[in-house]
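Report on one structure; see the data block that follows.
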Number of protein chains: 4
Amino acid sequence: MKTYILLIDCTDEAGIVYKVTGVLYERKCNIISNDEFVDKSTNHFFMRTEFFGDIDQNEISAEIKKSLGSANISLVEKKKKNIVILVSKEHHCAGDLILRHHYAELDAHIEAVISNHQILSGLAEKFGIPFHFISHEGIERAAHEEKILAAIGEYNPDYLILAKYMRVLSGNFTERFPNRIINIHHSFLPAFIGASPYKQAHARGVKIIGATAHFVTESLDEGPIIAQDIIHVNHRLEVDDMVRAGRDVEKKTLATALNLALDERIFVINNRTVIFS
Amino acid sequence: MKTYILLIDCTDEAGIVYKVTGVLYERKCNIISNDEFVDKSTNHFFMRTEFFGDIDQNEISAEIKKSLGSANISLVEKKKKNIVILVSKEHHCAGDLILRHHYAELDAHIEAVISNHQILSGLAEKFGIPFHFISHEGIERAAHEEKILAAIGEYNPDYLILAKYMRVLSGNFTERFPNRIINIHHSFLPAFIGASPYKQAHARGVKIIGATAHFVTESLDEGPIIAQDIIHVNHRLEVDDMVRAGRDVEKKTLATALNLALDERIFVINNRTVIFS
Amino acid sequence: MKTYILLIDCTDEAGIVYKVTGVLYERKCNIISNDEFVDKSTNHFFMRTEFFGDIDQNEISAEIKKSLGSANISLVEKKKKNIVILVSKEHHCAGDLILRHHYAELDAHIEAVISNHQILSGLAEKFGIPFHFISHEGIERAAHEEKILAAIGEYNPDYLILAKYMRVLSGNFTERFPNRIINIHHSFLPAFIGASPYKQAHARGVKIIGATAHFVTESLDEGPIIAQDIIHVNHRLEVDDMVRAGRDVEKKTLATALNLALDERIFVINNRTVIFS
Amino acid sequence: MKTYILLIDCTDEAGIVYKVTGVLYERKCNIISNDEFVDKSTNHFFMRTEFFGDIDQNEISAEIKKSLGSANISLVEKKKKNIVILVSKEHHCAGDLILRHHYAELDAHIEAVISNHQILSGLAEKFGIPFHFISHEGIERAAHEEKILAAIGEYNPDYLILAKYMRVLSGNFTERFPNRIINIHHSFLPAFIGASPYKQAHARGVKIIGATAHFVTESLDEGPIIAQDIIHVNHRLEVDDMVRAGRDVEKKTLATALNLALDERIFVINNRTVIFS
């Protein structure tokens, strides 16, 4: 008996839950949890079902597909996923993920850390994680991305995690991993899009700063938002203090988003996410 | 076509969702939202379904009962509920509810305000709500409660709201309204049970104060918790400042809990609540 | 013996605190609280001192000015301030302020409510507050603003509170009340500047919505921020739900900002605020 | 020119700020920041001044003492402090501090990690921090504490940090480090004092869990509170889930408290803290 996660989304109509749970019931599957949601503005139905049983995945998927007509169906065994982390110079998000991984708090295996700088190689190595230094200097973006793709190609990651990777990825790169690249942006998007968000925040005199974890699309800082969180600040914080204070909320928000993805809890519709948490 | 809310809880077993949604599907009901939860420590299943259709409530309830065996089933039409508010001297919670009611933000009709003091009579009257002054002076608690029960008896409230009603209700009183009396307690329960929680909080030097909305049982401050919230405080706040600061979190927490109850989103099991929010 | 609030800001240099407290000490004033701050990026010094004593305000101000050279000095008696509220159709912020005022929780006297709609006249009247209906229909903005200024002229407000007043004020209007008009904006500025912020927030799929209280300048939504707060949201909230959920954070944030202003706790420098809270 | 932190607390009276800043002004010291507070319930005055200058610490302290009469005065150079960490089996708090230390985010030097278990030796060693394993098995508490004191004696820590050290310290131990031992307690004190707070929290059905960082005194869980924070939970969290969710708030709260201590921002009065943050 194994545990599975079934994700279905389709145009809403009567009877979907009944039909899907019927297929599972007939095969003696036992539902552990079940979440449904209908997005009214698009009349779209979303369902996430976790169940265990002794099944043939293809047979069940086909049977559900037949009973529902045109639906997006994903049926996967619940198990540890593989991730590759991309970083630049800052350690806090990568360090947090590596410690969670080391102490088995993360439902994922970190296969490698890839960076355009060497500074974090020691951190990865201390915890026995392969580190790939791929400098961006002296080469074009396309060539740099090809090298990164080659390094990623050694692994088979379910997700790429941009844990403060500070270079913009091309559409050519991002389209290979649709809804499979998660970035942490150091602002409460859509405020302070672009460079130096804490500098912008300080200049505007905001009383709250935040962080946003989102799937990466070709449009920088515009992908579907997965998680956001904030902290309160005041006039005493200079730009550098905001950067420091922001680290804690950045690493927490990225970890939250990653856990949601690892547990197959995120749907994307029209650049928005539906998250069963 | 009307909208209904179906609440089911029972020992967990395979097929419950399938069977229940089957009964609704056969009667051409359209599910608007569906939430399920299985409490692992008790192996108990909870389900809340909102649907619309043209149905016979008794027939559907009987059919579901038949298919499930022993389950708690509640099937009610979704509509405005009636509430009676009990207060003592403080205005902030009652005032907040009355304003929300006046501007149709509350899915409830406030039938009356009952108080052991006269001070809030003007507030109720400004908004056309009957006010009953029932003094507790010179009479025993049992006699006082009888008078209050008589006043409540003029109405048919779905819920009693203790919006800073500062007298302890007897078991004889509370058992008449199981899970239908909501109290706001001015602390983050179970911290500072009993009298003068803000004074206790100040003496202990806490950095956070809170409020708790809970169903009222015979055991004071021990009933199932519905909602809690907090605010951060510091050494600058004297006891009076904490009382003042606490008002905002008290009124917000009570309103949150009431809205959950009005929308039939709360189950109670073993003094804990399961809330589909 | 009366209580006073002294506000000083000037270019930083050694000895300011010593010199100012010396002037007060010689006149046997007793300091209740004292806050200082130096903004490093501008090398500007800010000081707020609350003290009581039997003094000649002009004499003390002159003496401090003499000892400091060029500084901005404000010395006022601590007392209830007067405010005028401007509203359009929405009740929640005005209703909250009126209730706080009615129960003496606000350190201000609400002299009048002015609106371009009639809908909230009943609310003001219930609590004995003069209501001025000044329609904007059929007249130009300048003419409308003249009428509002005339109405305000009957009173002598320390602050104008835009409690969901939904018309843009001209520079001609705002420059008459520098740092004396407080607006509540229904978004976490600078995100979602402009119209329909909740609609924008829903379309962007944010997981947090917020509110911003700020001083009003000629540039819409660009004035110095006083207070901000947020609530977490999820995919279940349609635009209307966000509007509803936002009300609580809007009214709380506006009340917070107003209290800071009433207690003379806000300095403005370069479109940012320094707040001693 | 060096930077110093001056802490003064004494019975309140007129002229304290004037006298103290006068001493500094005469010696050409430049005040960077200055915070004062008078606790009304005890009529006690607190002042923290950060300044730079070329001074004789003893001379200034003596001069201030002379001008004020009986006051507690501490004048220290602002510099990195030394800390020793005590742990048992859980890694999250120690790991977080070690990473912050490794990347120079902490204004302290971690001299050693001491534990009654061996499990975290690898973590300390990876980052070059001495690890002392001192088992409590087979010996009395007094003997165990003597061994720990001996290990601590090799260093000269300013603070001891109990980063999930799960054994109760005797009064004999704690009185050697008054207001110099910081513990992280895994509940929102004073709720759930004692063992298994998350189990207690789950049984009570709370909707919020928290963490408390406090100075350690002889009375378990009763010392002065430095920092508290919370997270919202719901019925879906079993005890184990609460433990997991609690880790993030525990490590954040401990780091916050430690930073306040390292920066000399905490006074203690009557089991409460006055914190200039």
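The values are calculated or read from the model by the stated rules, or taken from the named source; none is laboratory data. Remember, predicted model here, so these are calculated numbers, not experimental data. Neighbour counts are summed over all protein chains in view; Cβ atoms, including those assigned to glycine, are modelled from backbone coordinates with ideal geometry. Ligands, DNA and RNA are stripped out before the accessible areas are found, and what is left, the full protein with its side chains, is counted by its heavy atoms. Shrake-Rupley method; radii C 1.70, N 1.55, O 1.52, S 1.80 Å.
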GNM on chain D, Cα springs under 10 Å; top mean-square fluctuation among D:ALA211, D:ALA257, D:ALA195 goes to D:ALA195
Tell me which residues come under 5 Å, amide H to amide H, from B:HIS91 once H is placed; ignore anything under 5 positions away on its chain. none
Cβ-Cβ cut-off under 9 Å around C:LYS252, Lys and Arg +1, Asp and Glu -1: the net charge is -3
Based on the mean of other Cβ atoms within 10 Å per residue, sort peptides D:244-255, B:142-153, D:11-22, D:46-57 so the most packed one is first. D:244-255, D:11-22, D:46-57, B:142-153
Interface residues, the stretch A:223-245 - accessible area loss of 40 Å² or more versus chain alone, probe 1.4 Å: A:ILE225, A:GLN228, A:HIS235, A:ARG236, A:GLU238
For A:GLN57, place a label point 7 Å from Cα along the Cα-to-Cβ direction in every copy; what are the distances to the other copies, in nm, shortest first? 4.6, 6.5, 7.7
Got a sec? Which residues of the stretch C:12-51 lose 30 Å² or more of accessible surface with every protein chain in place, vs. that chain alone, 1.4 Å probe? C:ALA14, C:VAL17, C:TYR18, C:THR21, C:TYR25, C:ASN30, C:ILE32, C:ASN34, C:ASP35, C:GLU36, C:PHE37, C:LYS40
Size of electric dipole in the stretch C:204-252: Cβ of Lys, Arg +1 and of Asp, Glu -1, about Cα centre, debye, nearest 20: 280 debye
Which percent, to the nearest 5, of DSSP beta bridges fully inside chain C are antiparallel? 70 percent
Label spacing, shortest first and in nm, from A:HIS232 to its equivalents in the remaining copies (7 angstrom along Cα→Cβ): 0.6, 1.6, 1.7
Alpha-carbon centroid distance for the pair the stretch B:91-112 / the stretch D:86-155, whole angstrom: 56 Å
Averaged across the residues of D:182-191, what count of C-beta atoms belonging to other chains lies within 10 Å of each residue's C-beta? 3
Share of carbon and sulfur in the accessible heavy-atom surface of the protein assembly as shown [1.4 Å probe, %]: 47 percent
Through the Karplus equation 6.51 cos²θ - 1.76 cosθ + 1.60, θ set to phi - 60°, convert the phi angles of the stretch A:223-230 into ³J(HN,Hα) values in whole Hz; use x for Gly and Pro. x, x, 7, 9, 8, 9, 8, 9
Hydrophobic long helices for chain B, i.e. whole DSSP H runs reaching 27 angstrom or more by Cα along the axis with Kyte-Doolittle mean at least -1.0, come out as B:239-262
Shape category assigned to the stretch D:66-184 from the gyration tensor of Cα positions, a/c cut at 1.5: oblate
In square angstrom and rounded to 100, what buried accessible area do you get between chains C and B, total over both, with the probe at 1.4 Å? 1700 Å²
With respect to the symmetry axis carrying chain C onto chain A, which residue of chain C exhibits the smallest Cβ distance to that axis, and what is the value in whole Å? C:ALA191, 2
What do you get when you divide the Cα radius of gyration of chain D by 2.2 N^0.38 Å, with N the number of residues? 1.10
Which residue, C:SER115, C:SER70, C:SER88, tops the fluctuation ranking in a GNM of chain C built on C-alpha contacts under 10 Å? C:SER70
Would you mind getting me the FRET efficiency between C:SER74 and C:ALA203? Use the beta-carbon distance for r and R0 = 45 Å, nearest 0.05. 0.50
Specify the residue with the greatest mean-square fluctuation among B:LEU189, B:LEU120, B:LEU68, computed from a Gaussian network of chain B linking alpha-carbon atoms under 10 Å apart. B:LEU68
Amide H of A:ASN116: which non-local residues (sequence gap of 5 or more, or other chain) have their own amide H closer than 5 Å, using H built in the peptide plane? A:VAL87, A:ILE134
Mind checking the full-extension length gain between D:ILE269 and D:PHE127? Use 0.36 nm per residue of separation minus the Cα-Cα distance, one decimal, nm. 47.4 nm
Just need the relative contact order of chain B here, percent rounded to a whole number, with Cα pairs under 8 Å and 6+ apart. 15 percent
Kindly rank C:216-225, A:161-170 from highest to lowest mean number of other beta carbons found within 10 Å of each residue. A:161-170, C:216-225
Hey, for B:MET166 with labels 7 Å out along Cα-Cβ, what do the inter-copy distances come to in nm, ordered shortest first? 4.1, 4.5, 5.8
At R0 = 30 Å, how high is the FRET efficiency between B:ASP54 and A:SER67 if r is their beta carbon distance? Nearest 0.05 is fine. 0.75
Relative contact order of the stretch D:2-77: what whole-number percent is it, with Cα pairs under 8 angstrom and at least 6 residues apart? 49 percent
When ligands, DNA and RNA are left out and all protein chains stay put, how many square angstrom of accessible area per residue does the protein assembly as shown have with a 1.4 Å probe? 39 Å²
Quick check: the distance between the Cα centres of the stretch C:240-270 and the stretch D:243-258, to the nearest angstrom? 30 Å
Between A:ALA108 and residues 5 or more places away or on another chain, which pairs have amide H atoms under 5 Å apart, with H built 1.01 Å from N, and which residues are they? A:LYS81
Please report, to one decimal in angstroms, the Kirkwood hydrodynamic radius of the stretch B:1-160 built from all distinct Cα-Cα pairs. 18.7 Å
